[in-house]
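Asker: Okay, here's the structure, questions in a sec.
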Amino acid sequence: MPTYVYKCKECEHQFEIIQKMTDEPVGECPQCHGLVARILFAPGIVFKGSGFHINDYPSSGSSTSGKAEKSQSAIESATEAKAETASASKT
């Protein structure tokens with residue numbers, strides 16, 4: 001069952017009530033018996049699985065980018081070594 005937050009329009013008192021979605025909303029403040037309004041919050045959504053930008057393209061601060069940089073420097077080192085070997089064999 002969801003938890004709903006209400007706020008009194010007269011005394012500004014906030015309170016939470018656990019209700020079924022089919023229950024009628026609370027209309028009266030438990031402290032001053034004034035009118036209340038339900039406060040709405042954005043739901044917490046977590047996208048899991050492939051197909052979402054956050055999962056398919058990690059941020060630049062993640063550990064996978066460090067591995068990519070290391071492999072790129074290893075490729076450059078190997079290319080330089082081959083070039084040095086080729087120039088040394090010609091002379």
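Asker: Sorting Ile17, Ile45, Ile39 on the 10 Å Cβ count, fewest up front, what's the list?
Answerer: On the way: Ile17 16, Ile45 5, Ile39 11.
By the 10 Å Cβ count, ascending, the order reads Ile45, Ile39, Ile17.
Asker: When Val36, Val46, Val5 are ordered from fewest to most other Cβ atoms inside 10 Å of their Cβ, what list results?
Answerer: Val46, Val5, Val36
Asker: Among Lys7, Lys20, rank each residue by its count of other Cβ atoms within 10 Å, from fewest to most, as a rough exposure measure.
Answerer: Working: Lys7 14, Lys20 8.
With the sparsest Cβ surroundings first, the list reads Lys20, Lys7.
No value in this document is a laboratory result; all are computed from the given coordinates. For clarity, every value in this text was computed on a predicted model and none was experimentally measured. Methodologically, a virtual Cβ is constructed for each residue, glycine included, from the backbone with ideal geometry; neighbour enumeration extends over all protein chains shown.
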